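The values are calculated or read from the model by the stated rules, or taken from the named source; none is laboratory data. Note that the structure is a prediction, hence the values are computed from the model and not measured. Cβ placement follows ideal geometry from the backbone for every residue including glycine, while neighbour counts extend to all protein chains displayed.
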Amino acid sequence: MKQTEQFILSEADVRRRKFFTGLGQTFLFAITSVAALAVLAIIFFIARDALPFFSGSRTWAFFTSKEWYPTSATPKFGAAAIFAGSFIVTLTAVLFAVPPGILAAVCLSDLLPFNVRQVVKPVVEILAAIPSVVYGFFALVVLAPFLQDTLGAASGVNALNASIILAIMALPTIVSVSEDALQAAGRELREGSYALGATRAETLLKVVIPSAMSGIFSAVLLGIMRALGETMVVWMASGNAAQIPSPFYNLLQPIRTLTATIAGDMGEADQMTGSAHYHVLFAMGLSLLIFSFLCNLAGEWVVNRQRKRLRGA
């Protein structure tokens, strides 16, 4: 009887437990809400300073015109060439980074011995710890003269230079996330494939990689965001010329990106009077945020679709 009474809580103990449980849940909810609130605050403050620019004919010219003269007597804010520069550099960097990144992830997860993997993977991840300004100096001092001497480029600071460096910077993210996704496929899946008579190549191509496709897509998406959001490298290595290459696939011509424009022009914009030059830079930032948001939505859609397909299988 005495042992049974020890497990019976009084009403005061029950209320005390409910209070501390609710307090703990509220505290944890507040902590987890900080990131969401920070993102909402960023969107609000950027949109607040970006929306005044979108008035009248300036909106159409902003997306279609290539005339970028924000400090002239008659300012022109055509950012079509700058949008094109960001698109060209990001797409080229992704094309350079994704194939070797996925192949490296497959090699780390299924081909290399465990001891070798424990050495190689940290070395790859060290690339993410190198400051972007160091990559920028490498692009200026090493890669730019190489492109001029080897490919005959008029200027070593061009779209190809920036794309190569951005691809190197995106590689650690793509390799690490893809390798984790491949590892999460599980040993049982591989052993089941081998038990059915599949070779290692067939297991990788038809079983492991398809099952990890949502994680690989997330890795590619993060690589795109890494390349699109980089500022210092494209500022130092792209040439900062607000033009669309002619032809558009000529990567040996200088270009200019959204992030480099924001970083380079923010000091010149008249913040005190709220000039159009000041607001157009926030409009560029808002455009980057919207594109990132759409990419995240696309990533969520692909991941959910992959999960439903696997459940149905």
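Annotations for the structure displayed:
- Single residue of region 36-58 satisfying the filter (among the β-branched types (Val, Ile, Thr) and surrounded by 13 or more Cβ atoms within 10 Å (Cβ to Cβ)) that is modelled with the highest pLDDT: Ile46
- Condition check for Ser86: outside any helix (DSSP H, G or I), hydroxyl-bearing (Ser, Thr, Tyr) and either in the same structural domain as Gln253 (by TED's automatic domain parsing) or surrounded by 10 or more Cβ atoms within 10 Å (Cβ to Cβ) (or both): no
- Scanning region 65-75 for residues that are outside any loop (DSSP other than H, G, I, E, B) and either outside the structural domain of Arg256 (by TED's automatic domain parsing) or surrounded by 15 or more Cβ atoms within 10 Å (Cβ to Cβ) (or both) returns a single hit, Trp68.
- Picking from residues in region 288-310 that are free of Cβ contacts under 8 Å to residues at least 60 places away in the same chain and among the hydrophobic types (A, V, I, L, M, F, W, C), the one that is farthest from Ile216 (Cα to Cα) is Ile290.
- Taking the criterion of being aromatic (Phe, Trp, Tyr) and within 15 Å of Ile290 (Cβ to Cβ), the residues of region 46-84 that qualify are Phe53, Phe54, Phe62, Phe63, Phe83.
- Only one of the listed residues (Phe293, Phe248) is within 18 Å of the chain's Cα centre (by Cα) and more than 14 Å from Ala79 (Cα to Cα). That residue is Phe293.
- Some residue of region 228-235 being closer than 14 Å to Ile88 by Cα, modelled with pLDDT of 90 or more and part of a helix (DSSP H, G or I): yes
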